[in-house]
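Data first, discussion second: the structure below is written as structure tokens.
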Amino acid sequence: FGTVTGLEELKAEIQGLASSLTSDQTLQAASMLGREVLVPSATGVLAEDSDINGAVELPNSVANLRIGIYDQAGQLIRSMDLGVQPAGLADFSWDGLATDGEAALPGKYIIRAEAINGGANEQHEVLVASEVKSVTLPGDASGMALELAGLGQVDFSAIRQIR
């Protein structure tokens, strides 16, 4: 009987700890409202009189990093050469201007990152910056989610950087 009572007490303590961790995570997420976060996304949203900001996560240094901005039809709108980049996050910003200098229409754009490494082209993951609009708390066993401006709902664990 002593063992059963001890297990029940341990179970209650673990449930209390889990509840406490959920509360801490909720407070942390609530403090992110209105802040900008970096999340993996191949799509960026260009708003009126705005930029698309982001970064590329590089596992090693590269000889030349190129960011390509494409419309939804797959047409290249702008190419930006960022040159030699060390390993880590390489930030980029697109001002919304096309190659010809004309302003691109507001909307969603595809972002691709290519780098030359050892003479070969490599594709790299793009992280897009977006503002946290709301936090969704889990009602079941699923994790917490954030609603990001223009990108929709993403899992809390997908955040790579808070800005």
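Hey, can you grab everything whose amide H is under 5 Å from the amide H of Ala104? Only 5+ residues off in sequence or another chain; H modelled, so Pro and N-termini drop out. Amide H neighbours of Ala104, under 5 Å, 5+ apart: Leu97, Ala98. Express in Å², to the nearest 10, the accessible area of Glu8 obtained by rolling a 1.4 Å probe over the protein heavy atoms while all chains stay in place. Probe radius 1.4 Å; accessible area of Glu8 about 120 Å². Computed on protein heavy atoms with a 1.4 Å probe, the accessible areas place Glu57, Glu13 in the order Glu13, Glu57, largest first. The structure shown yields Rg and Dmax of the Cα atoms in Å, and of the options (1) 21.1, 80; (2) 17.2, 57; (3) 19.7, 55 that calculated value carries the label (1).
Asp49 contributes an accessible area of around 150 Å² to the protein surface, as traced by a 1.4 Å probe with all chains present. For region 89-99, putting each phi into the Karplus relation 6.51 cos²θ - 1.76 cosθ + 1.60 with θ = phi - 60° gives couplings of 8, 10, 6, 9, 8, 10, 7, x, 9, 7, 4 Hz, in residue order, rounded to whole numbers and with x for Gly and Pro. Taking 35 Å as R0, compute the FRET efficiency from the Cβ-Cβ separation of Glu8 and Met32 and round it to 0.05. Efficiency at R0 = 35 Å is approximately 0.40. Of the residues Ser41, Ser19, Ser157, the one with the largest accessible area comes first in the ranking Ser157, Ser19, Ser41, computed with a 1.4 Å probe on protein heavy atoms. Ignoring ligands, DNA and RNA, what accessible area per residue does the chain give at 1.4 Å, in Å²? Accessible area per residue: 58 Å².
Assign one of three labels to region 12-66, namely rounded, prolate or oblate, based on the Cα gyration tensor with a ≥ b ≥ c the square roots of its eigenvalues; rounded applies when a/c is under 1.5, prolate when it is not and a/b is larger than b/c, and oblate otherwise. It is oblate, given that a/c is not under 1.5 and a/b is not larger than b/c. Any idea what angle helix 2-30 forms with the longest principal axis of the chain, computed on alpha-carbon atoms, 0 to 90 degrees, nearest 10? Its long axis makes an angle of about 30 degrees.
The accessible surface of region 1-141, taken with every protein chain in place and a 1.4 Å probe, is 52 percent carbon and sulfur.
Across region 147-163, coupling constants 3J(HN,Hα) worked out from phi with the 6.51/-1.76/1.60 Karplus curve, θ = phi - 60°, read 9, 10, 4, x, 9, x, 8, 10, 5, 3, 6, 7, 5, 9, 7, 10, 10 Hz, and Gly and Pro carry x. Note on Ser79/Ala18: beta-carbon distance plugged into 1/(1 + (r/R0)^6) with R0 of 45 Å gives a FRET efficiency of 0.40.
For the chain, a Gaussian network of Cα nodes joined below 10 Å ranks Ile116, Ile69, Ile52 by mean-square fluctuation, and the top entry is Ile116.
The values are calculated or read from the model by the stated rules, or taken from the named source; none is laboratory data. On a predicted model such as this, the values are computed, not experimentally measured, just so you know. Ideal geometry is used to build each Cβ from the backbone, glycine not excepted, and the neighbour counts take in all protein chains shown. Accessible surface is based on the protein model in full, side chains and every heavy atom, while ligands, DNA and RNA are left aside. Shrake-Rupley method; radii C 1.70, N 1.55, O 1.52, S 1.80 Å.
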